[in-house]
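Structure, as structure tokens:
The values are calculated or read from the model by the stated rules, or taken from the named source; none is laboratory data. All of these numbers come straight from a predicted model, not from anything done at the bench. A quick note on method: Cβ atoms are made from the backbone with ideal geometry, for glycine too, and the neighbour counts reach across all protein chains shown. Surface areas here come from the heavy atoms of the whole protein model, side chains and all, with no ligands, DNA or RNA. Shrake-Rupley method; radii C 1.70, N 1.55, O 1.52, S 1.80 Å.
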Amino acid sequence: MPSPETALSGEPESLLAVFGWYILASVLVIGFVTVSAMFLIWWERKVSAHMQSRLGPMRVGWHGWLQSIADALKLLQKENIIPARADRPVFWMAPVVVFIPAFLAYVCIPFGPRLIAEDLTIGLLYILAITSVAIVGIFMAGWASNNKYSSLGAMRTVAQMVSYEVPLLLSLLGVVILTQSLSMQTIVESQAGIWFIALQPLGFLIYITAATAEVNRTPFDIPEAESELVAGYHTEYSGMKFAFFFVAEYTNLFTIAAIATALFLGGWHGPLLPPVVWFLLKSYFIVFLLMWFRWTFPRVRIDQMIGLGWKVLIPLSFLNLILTSLVVLLLQGGSAGGVS
Amino acid sequence: MIPLAPFLVVSAALVAIGVFGALTRRSALGILMSIELIINAAALNLVAFSQHIRTSDAESTAGQMFALFAMAIAAAAAAVGLSIVICIYRNSKTVNVDKIDLMRW
Amino acid sequence: MTEPASLLAWIAFVCLVAVTVGSAVLVVTLRNLFHAVLALIASLLGVAGLYLMLLAEFVAAIHVLIYVGAVATLFLFVIMLTVRIDDAALRQSNRQVIPAIALCGAGLALLLAALLAAPWTPVEEIRPPGVQQIGHDMLTTYLLPFEVVSLLLLVALVGAVTLARREDQRT
Amino acid sequence: MDFLPALIPVLPLLAFAVIITNGRRLGWSACLVAVGASLTSAVLAALVYSRVLLSHETLAWSFEWVRWGETALRMGVRIDGLGALMLFMVTVVGTLIEIYAIGYMAGDKTFSRFFAFVSLFMAGMLGLVVADNLLLLFVSWEIMGLCSYFLIGFYFHRPSAAAAGIKAFITTRIGDVGLLIGMILLWWTAGTLRFDELLLAVPALAGLGDAHVDLMLTAAALLIFVGTIGKSAQFPLHVWLPDAMEGPTPVSALIHAATMVAAGVFLVARSFILFAQFPAALTVVAWVGGFTALFAALIALTQNDIKRVLAYSTLSQLGYMVMALGLGAYAAGMFHLITHAFFKALLFMGAGAVIHGFHHVQDMRRMGGLWGKMPWTAWTFLVATLAISGIPPLSGFWSKDEILLGAFHESPVLWVAGTFTAFLTAFYMFRLFFMTFTGRQRDGEIHAHESPAVMILPLVVLAVGAALLGIPGSPWMGLWVQHSLDVPAYALAHHHHSNLVMGLSIAVAVAGIALAWLMYAPRPTIQPARVARAMGRLYTLSLNKFHIDEIYAALIINPTRALARGSFRFDLGLIDGAVNGMGWLQRALASLKGLFDKWVVDGIVNLLATIVQALSAVFGLIQTGRVHNYLLLASLGALVIACLTWWNMG
């Protein structure tokens, strides 16, 4: 597997091989992202329906499993409506800016022992950094729509995402302290014996809560609260551009589930079944958990949401961090060393 | 590996553009953005130097460390600067600094 | 000597420089402030790319996290709070454009002349420090600046809150 | 797990954090948290003690806390025989006091706050005991100082309690400053504050024979002893301790027996290497201790408040310990500290039970005949009284005898003083006992009752301890306790057993008890009032505590106030008068000068102003008040400087 270092400084002959690998990886990831998102959309509808004693989509295919494809086709044919006084270029760019980081995050997701596009040494940090770019896209959508619901929705979204990014990052640092590494594969490999959810139960809880807020799902779906804001920042979007937002949302959903799997649930470790199957099973279980939240909890008020983030989750995650480092320090036998 | 000089040229260009922006933008926000460009140029220089020129391995992190500190300080400066902008806007309903000449005499 | 850069590296570098410098020019010239911040973000991402070219991937990731995730977001927030979308048509530069161009041109010329004339002696082999090395140094050699910066951030936080708070909400 | 001792102070600290943040929610169950934490600490302390006893090793664990440049500051714990014994004593007595407080404080609105502060107090004391360096010790020391302020002033709505809290805080602060300066001197001279490094560094420095170094180290030792004087309430900083009775009685027990005052003695023992190397410091310690012992006993003779008598007896016993350390009888002093902790805690808690059962009356003249109404309290109290009076085979006898033995060999004067103090101790303690428990109740309106079981249980446990604890330290058992302390070689002043000393000390104790019986028994043979009249001024001196408080007021507080008043008058009369006179003179001169000013000076000024105005019309053009213009000029300046610099570099 050629690495960027060799690509950047190696022989000209390897150029083709490098590009070939990159293109292959991109195609694989795009394919997976699309299929997974469509599957999740269908699945969410089925899960919600069954939780409410309904059947959900049943017409297209067996138990409606082709429903997402039908939706996609419908969205493709729809008319593209742009509000009259919108900021046109920004309006066009926003969905792309939201979608691309969601897609780029997949570079570092370890699906299997060798099944990872690129195992960066700073993998975890990379995923968190790249997904934070999506905030800009949401802002762009809110601004460009020139609509008060969109602007308010965008500002709420961003306030929420910025607030919850802090506990999210801090909760993951506990695992980083345990493994002394930011590489996703190293983190997964060090869970061969015991899953980190056993060592970091508090970290896992904080992460799941913060991540739910990070992808704006119930009970933290204030940014797109239908009763107050129509649909938040994407009120004015329709057709294919809307589809981009939609796919990006479900892609992000899978991304946070994948991070939870890799950091807390042992990643691809598991008996009998091939690693990649284990990874997908665990990730989809987390996704199911989040769907379960959505159809169980009522929406919190905005002041409760901000208060929870700053007054509960951040202190708790600091506590988790301090406890973890203390235990690690004590087990090292009182010699606070570091690298040496 | 790209040699050192191209990075220095890029950073010099960023400084020049940033200074130009700071001198000409009417909006306080524009001035702050230009200042961010200047800080970035400095940080880029620091990292480039630390990777290309160093006397020992022990100081291999010096440049990156200062770049990180520069980022933290730039973030603090942006936070304070932007709240000052909000204050100004609240008092005079504008963020264009050429409308604000309270300092005059 | 370090091995010479490959063609691919040069292509990537030139693209990044184009993005960085081009967007920087847009930042200082665009009339619409919102667009200017978007250009600033593009430029910052370009700088992050340049950090990657320098094999400083930790700095690059932190750069994206702080600048794009926090600083640029703050800018966007303030623009949404202070600028109306109709302001876009207004002139955004003042009357000293020509002296500014002259001055910046002269400054750039001076910088270029100085740095191209200087006899840089690069290291034999580039061994970029890892994340662990950075973390270790930050809490040992650079402990004092680290603490000072954290204090500075706290002060800035309190200051920003105090400045931006409305006066009449004191009760 | 070498960091086990570090957990011992952390548990009460955690209990404090939990209670202080959840006080209202916990309510009554706050005491369970506090007692649970200290009980666990006690178990851990027992583990540590047994391990240290068995192996005679020193447990040490530390980590690097801060590093700047070459200098590193390590924090950690170090437990030797002395520390382990102290840990055991503090946790056991502390736990019993907390259990007792469950009954004593029941129904108080501030129940949970009390347990929070007591836990923090324990954490401070335990931290002080386990500390392996003076810095950590000092931090714990200050935590304890803070808590003593909180707890003595616990009923802060009562002005006297608030004043007592402030008095304790400020008086001990004088000692704390001494300790801090001593630490700085020590760091400066020896370059370390860690005890194990000091053990090597101090003898090496003393061996240099450099007069300057010796002077510095002696000063450091004396300043550290100033800390002890403050904390352990030695003369002349003893005034806070009797006033500290304003706190709830369990607090008094805690401060007087297990924690606060023991800390000062422990500090001297910990840094004993310093004192051992410089005999001058040691002599000061011995004499201060001996004087305090006698002085406090004399005051205790005449006090009528039950808790005040106990307070002065604490002062006196602390004087014994300090004197023992000063005489080099290191093991005897520490042994007395342990036995004293048990019987003094018992005495305070017994007195607390009396006060509790007697509806918060503390005046002994109104008590009497409580034997029948409070049998448990009375019996346990009797054990403690016998122990403090030095009746064999109870614990106080063995430890006090050791100290007197040391004094007998080292300094006859102090031996005489100590023996006389022992006589006084037996007398005033039994005076207290007879006045309280025997005869008939003198104030018939109060219906006394026995305390609840939760208060009796600690009394019984402590009574067993006070009775038997002396045995392992007696010559029969070969001074086992003293040997388990790992007495360092430099402090080993072993004295031969002397029948004279032992016999005399028993004799004076019995004599004291007999005298007390004659004066205060149900049908006294000697009327106390006549004795008082016969003693005349001596009696009033003792009753008024030798006027120390008044002397302080006269020497320090009133002069300060007088100085302030005097300064004010001086200000008002002389300075203001001078100023006014100057003002009048100036006015006269000014009218003269005004004419000169108007024509000559103004003319010049106006001319200058005209010139400036003309110039500013030109320069004002660049002062636009606009940021941009300033920025442009600043950048231009920067560019010019850069050009010049480059030009110069060639």
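Does A:Ser163 fit the bill of being in a helix (DSSP H, G or I), surrounded by fewer than 23 Cβ atoms within 10 Å (Cβ to Cβ) and either hydroxyl-bearing (Ser, Thr, Tyr) or outside the structural domain of A:Phe264 (by TED's automatic domain parsing) (or both)?
Details: in a helix (DSSP H, G or I): yes; surrounded by fewer than 23 Cβ atoms within 10 Å (Cβ to Cβ): yes; either hydroxyl-bearing (Ser, Thr, Tyr) or outside the structural domain of A:Phe264 (by TED's automatic domain parsing) (or both): yes.
Answer is yes for this residue.
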Any hit, region D:526-535, residues being in contact with a Gly (Cβ under 9 Å, 6 or more places away or on another chain) and either at pLDDT 75 or above or not in a helix (DSSP H, G or I) (or both): no
Among the candidates D:Leu217, D:Leu199, D:Leu241, residue that is modelled with pLDDT of 85 or more and not in a loop (DSSP other than H, G, I, E, B): D:Leu217
Given (1) open to solvent by 80 Å² or more (accessible area, probe 1.4 Å); (2) over 30 Å from B:Ser34 (Cβ atoms), index of the condition D:Ile622 fails: (2)
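Checking the condition part of a helix (DSSP H, G or I) and in contact with a Gly (Cβ under 8 Å, 6 or more places away or on another chain), which residue from A:Val136, A:Val97, A:Val90 passes?
A:Val97
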Conditions (1) open to solvent by 30 Å² or more (accessible area, probe 1.4 Å); (2) assigned to a helix (DSSP H, G or I); (3) at pLDDT below 90: number failed by C:Leu16: (3)
Tally, over region D:50-86, of residues that are part of a helix (DSSP H, G or I) and open to solvent by 30 Å² or more (accessible area, probe 1.4 Å): 5
Total residues in region A:166-207, condition open to solvent by less than 50 Å² (accessible area, probe 1.4 Å) and either in contact (Cβ under 8 Å) with a residue 40 or more places away in the chain or outside any helix (DSSP H, G or I) (or both): 24
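Determine which member of the set D:Ala276, D:Ala331 is closer than 14 Å to D:Phe225 by Cβ and assigned to a helix (DSSP H, G or I).
After applying the criteria, what remains is D:Ala276.
Assess whether C:Ala9 counts as being at pLDDT 90 or above, open to solvent by less than 10 Å² (accessible area, probe 1.4 Å) and among the aliphatic types (A, V, I, L, M).
no
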Cβ pairs under 8 Å, 6+ apart, first in region D:621-646 and more than 15 Å from C:Ala109 (Cβ to Cβ) and acidic (Asp, Glu), second part of a helix (DSSP H, G or I) and open to solvent by 60 Å² or more (accessible area, probe 1.4 Å): none
Selected residue [surrounded by 16 or more Cβ atoms within 10 Å (Cβ to Cβ) and not assigned by TED's automatic domain parsing to the domain that holds A:Ile135] from A:Ala86, A:Ala72, A:Ala102, A:Ala94: A:Ala72
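Yes/no per residue for (1) in a helix (DSSP H, G or I); (2) within 7 Å of another protein chain (Cβ to nearest Cβ); (3) among the aliphatic types (A, V, I, L, M):
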{"residue": "B:Ile39", "(1), (2), (3)": "yes, no, yes"}
{"residue": "B:Gly63", "(1), (2), (3)": "yes, no, no"}
{"residue": "B:Ala72", "(1), (2), (3)": "yes, yes, yes"}
{"residue": "B:Ala78", "(1), (2), (3)": "yes, yes, yes"}
Residue list for region B:54-105, filter: at pLDDT 80 or above, closer than 27 Å to B:Ser11 by Cα, surrounded by fewer than 19 Cβ atoms within 10 Å (Cβ to Cβ) and over 19 Å from the mean Cα position of the chain (by Cα): B:Ala62
Residue under evaluation C:Leu151, criteria (1) more than 8 Å from chain B (Cβ to nearest Cβ); (2) open to solvent by 90 Å² or more (accessible area, probe 1.4 Å); (3) modelled with pLDDT under 80, criterion not met: (3)
Only one of D:Trp415, D:Trp376, D:Trp398 that is farther than 30 Å from D:Ser451 by Cα and in contact with a Leu (Cβ under 7 Å, 6 or more places away or on another chain): D:Trp415
Residue tally, condition small (Gly, Ala, Ser) and either open to solvent by 90 Å² or more (accessible area, probe 1.4 Å) or touching a residue at least 40 places away in the same chain (Cβ under 8 Å) (or both), over region D:571-619: 0
Single unsatisfied condition, D:Ala42 versus (1) more than 21 Å from D:Ser484 (Cβ to Cβ); (2) touching a residue at least 24 places away in the same chain (Cβ under 8 Å): (1)
Criterion: of a type in the set (A, V, I, L, M), more than 8 Å from every other protein chain (Cβ to nearest Cβ) and touching a Leu at 6+ places or on another chain (Cβ under 9 Å) - qualifying residue of A:Leu115, A:Leu125, A:Leu120, A:Leu152: A:Leu152
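What's the total number of residues in region B:2-27 that are basic (Lys, Arg) and within 16 Å of the chain's Cα centre (by Cα)?
Selection size over region B:2-27: 1.
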Exclusive hit being surrounded by fewer than 23 Cβ atoms within 10 Å (Cβ to Cβ) and in a helix (DSSP H, G or I), set B:Val19, B:Val9: B:Val9
Residue match in region D:155-169 (condition: aromatic (Phe, Trp, Tyr) and in a loop (DSSP other than H, G, I, E, B)): yes
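Per-residue answers, yes or no, for (1) closer than 23 Å to D:Thr302 by Cα; (2) among the hydroxyl-bearing types (Ser, Thr, Tyr); (3) touching a residue at least 12 places away in the same chain (Cβ under 8 Å); (4) surrounded by 24 or more Cβ atoms within 10 Å (Cβ to Cβ):
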position: D:Leu337; (1), (2), (3), (4): no, no, yes, yes
position: D:Phe342; (1), (2), (3), (4): no, no, yes, yes
position: D:Leu347; (1), (2), (3), (4): yes, no, yes, yes
position: D:Thr377; (1), (2), (3), (4): no, yes, yes, yes
position: D:Thr385; (1), (2), (3), (4): yes, yes, yes, yes
position: D:Pro392; (1), (2), (3), (4): no, no, yes, no
position: D:Ser395; (1), (2), (3), (4): no, yes, yes, yes
